[in-house]
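The values are calculated or read from the model by the stated rules, or taken from the named source; none is laboratory data. All of these numbers come straight from a predicted model, not from anything done at the bench. Heads up, the Cβs are rebuilt from the backbone with ideal geometry, glycines too, and the neighbour counts pull from every protein chain shown.
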Amino acid sequence: MPSLSCLSKIFALHQNNLTLALENALPPLPGNQHFDAIVVGAGTAGVASAITLARAGHRALLVARRPILGGNSGDLLVHSMSGFYRTSPDVIPRPANGGFSMEFAQRLIKRGGGCGPVRAGRQDILLRKPADFSDLCVDLCSRETNLTLALDSDIEEVTVVDGQIESIEIAGHEGALGGSVFIDATRDAELAFLAGAEMAPDLPPRCGRTAFIFEIGDVPVGFADQRGRLALSSKVVEGIHSGLLNPQLAFAVMHLAPLPNTPPLPINFDSEGDHYSALNPESLTLIQILGGNLALELQAYLRSVVEGFGKCRVSMVPAMPPPRVSRRVAGRYCLTVDDIAKGVRFSDAVCYSSWSSGAGESTRNVASEFRGGPADIPLRSLIAKDFSNLLMAGRCISTEYGVQGAMRVVGTCFATGQAAGLAASVMVLSEQKTILPGAEDSVAPHIYAQVLKEI
């Protein structure tokens with residue numbers, strides 16, 4: 001039976017291929033340099049921000065902590081993409097935002113890396129191959145001559161002068177990297193935290209289960225559809241009742257295959273119990289070990305018990321378990337759970353959120369209801385309260401803890417990423433390198449029009 005180190009090599013092989021593609025496509029990071037804007041975090045929001053800035057003619061630096069692009073969407077084996085369409089009772093898909101969000105989705109589908117939309121309750125979602133998602137991020141970034149990328153880079157220091165971030169220093173890189181405007185698009189508000197920015201309150205010490213997603217390859221034809229998944233789930237239940245499988249696998253959910261006729265079967269299970277804390281790195285390590293062991297245990301069981309699965313194998317595991325909650329930066333406005341639930345309208349709205357704050361807290365809680373339709377995301381929630389030239393994008397924007405579930409889905413991250421990039425462009429062109437408090441209402445309509453623009 002393969003070891004956990006063997007499983008990690010399965011992921012590393014694809015990661016190395018992407019890293020090589022990036023190294024061949026993008027120029028090396030220069031020495032002491034000043035950029036119009038620096039985006040920290042190369043997930044969906046960061047990629048959208050950086051490309052938006054580059055297309056606007058600004059010299060942009062995208063700092064990627066990992067050696068690949070796409071963040072959680074590329075390396076955590078999440079095969080569905082939410083937040084692209086509005087919640088609706090009928091079966092007609094209605095985009096929540098346009099702009100870069102729908103551009104990326106259409107490009108991914110056109111190149112064969114995605115399909116949909118697929119109806120899931122009252123939601124329309126897209127299916128995708130995580131590897132193709134990362135490949136498209138690489139492709140789009142490599143086209144932008146104004147974009148420089150710092151791969152596999154950890155921020156060591158942030159210099160702040162008179163209420164503005166002046167520069168950052170990256171481990172292993174000589175000299176400071178200066179910028180007129182900065183965007184924090186990291187999972188855990190890393191840039192803002194190192195700069196000393198105030199964090200949004202109310203993050204409980206124990207919250208939000210995580211999920212471990214892995215793929216079983218060489219699966220017999222017919223097990224990717226709903227009937228096949230139900231049949232396989234019943235076999236897992238039998239194994240648990242007979243004592244052949246760990247009870248944790250009772251929480252496994254057999255997902256739709258990422259694309260029709262695609263062999264891997266994505267499996268997602270939630271961590272359970274009070275032992276898990278989203279803020280404790282030891283908890284994430286334990287989930288990674290537990291998940292790897294369960295993946296191998298399920299592989300052995302399927303091979304020995306289920307007809308046709310004699311050659312099945314764990315074909316892909318995530319680089320890390322995806323935490324559902326993380327730090328958020330305190331901004332000029334903190335978006336609340338009530339704002340999202342009621343679909344509150346804001347005069348400085350820059351994009352929509354179409355995924356409820358409670359959706360996706362676990363694989364068994366996907367109910368989502370909007371009492372007032374899609375919710376506005378105001379520009380003030382994208383601007384840090386403490387630093388006039390710091391913007392946020394993605395899951396670390398200024399919200400209550402309960403709203404983060406709505407902000408971290410792919411479609412919404414693309415939308416806030418593009419909005420932050422457009423706001424950064426306004427700041428770069430201004431004399432004071434900021435959007436003054438009170439001026440958000442005059443700036444937001446232009447951003448809103450671009451983010452909702454039809455492709």
Checklist entry - Could you list, in sequence order, the residues of the range 225-272 that are at pLDDT 65 or above and part of a loop (DSSP other than H, G, I, E, B)? => result 225, 242, 243, 244, 245, 246
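For the range 118-172, which fully contained strands (runs of 3 or more DSSP E) count at least 3 residues that are in contact with a Leu (Cβ under 6 Å, 6 or more places away or on another chain) and at pLDDT below 95? Before the answer, list the steps.
On the way: elements: 123-128, 147-150, 155-161, 164-170.
Counting at least 3 such residues, we get 147-150.
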Checklist entry - Out of all the residues in the range 160-205, which are loosely packed, with under 14 Cβ neighbours inside 10 Å and either touching a helix residue (DSSP H, G or I) at 6+ places or on another chain (Cβ under 9 Å) or among the hydroxyl-bearing types (Ser, Thr, Tyr) (or both)? => result 201, 202, 204
Checklist entry - Which of the residues belonging to the range 224-242 are free of Cβ contacts under 8 Å to residues at least 60 places away in the same chain, surrounded by 16 or more Cβ atoms within 10 Å (Cβ to Cβ) and in contact with a helix residue (DSSP H, G or I) (Cβ under 9 Å, 6 or more places away or on another chain)? => result 240
Item to check | Subset of the range 80-104 that is among the small types (Gly, Ala, Ser), farther than 14 Å from residue 451 by Cβ and under 21 Å from the mean Cα position of the chain (by Cα) - its residue that is modelled with the highest pLDDT | outcome: 82
Checklist outcome for this item: The lone condition residue 357 fails out of (1) modelled with pLDDT of 85 or more; (2) buried (at least 21 other Cβ atoms within 10 Å of the Cβ); (3) touching a strand residue (DSSP E or B) at 6+ places or on another chain (Cβ under 9 Å) is (1)
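Determine which member of the set 130, 95 is assigned by TED's automatic domain parsing to the domain that holds residue 188, under 26 Å from residue 350 (Cβ atoms) and out of contact with any Cys (no Cβ under 9 Å at 6 or more places or on another chain). Show your work before the answer.
Details: 130 fails: under 26 Å from residue 350 (Cβ atoms).
None of the others qualify; the one that does is 95.
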Item to check | Sole residue being of a type outside the set (A, V, I, L, M) and either surrounded by fewer than 24 Cβ atoms within 10 Å (Cβ to Cβ) or touching a Lys or Arg at 6+ places or on another chain (Cβ under 9 Å) (or both), chosen from 417, 405, 411 | outcome: 405
Checklist entry - Which residues, counting only those in the range 35-72, are of a type outside the set (D, E, K, R), surrounded by fewer than 24 Cβ atoms within 10 Å (Cβ to Cβ) and at pLDDT below 95? => result 67, 72
Next on the checklist: Residue under question is residue 78, and the condition is that it be outside the structural domain of residue 284 (by TED's automatic domain parsing), β-branched (Val, Ile, Thr), surrounded by fewer than 20 Cβ atoms within 10 Å (Cβ to Cβ) and within 26 Å of residue 316 (Cα to Cα); does it hold?
Outcome noted: no
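Would the range 124-133 turn up any residue that is β-branched (Val, Ile, Thr), more than 21 Å from residue 49 (Cβ to Cβ) and in contact with a strand residue (DSSP E or B) (Cβ under 9 Å, 6 or more places away or on another chain)? Working first, answer last.
As a first pass, look at the range 124-133 and keep what is β-branched (Val, Ile, Thr): 125.
Those left that are additionally more than 21 Å from residue 49 (Cβ to Cβ): 125.
Retained after the next criterion (residues that are in contact with a strand residue (DSSP E or B) (Cβ under 9 Å, 6 or more places away or on another chain)): 125.
Yes, because at least one residue in the range 124-133 is β-branched (Val, Ile, Thr), more than 21 Å from residue 49 (Cβ to Cβ) and in contact with a strand residue (DSSP E or B) (Cβ under 9 Å, 6 or more places away or on another chain).
Across the range 94-111, what is the total count of residues that are surrounded by fewer than 17 Cβ atoms within 10 Å (Cβ to Cβ) and assigned to a loop (DSSP other than H, G, I, E, B)? I'd like the intermediate steps shown before the answer.
Here is the first cut: in the range 94-111, the ones surrounded by fewer than 17 Cβ atoms within 10 Å (Cβ to Cβ) are 94, 106-107, 110-111.
Next, only the ones that are assigned to a loop (DSSP other than H, G, I, E, B) stay: 94, 111.
Total satisfying the criteria: 2.
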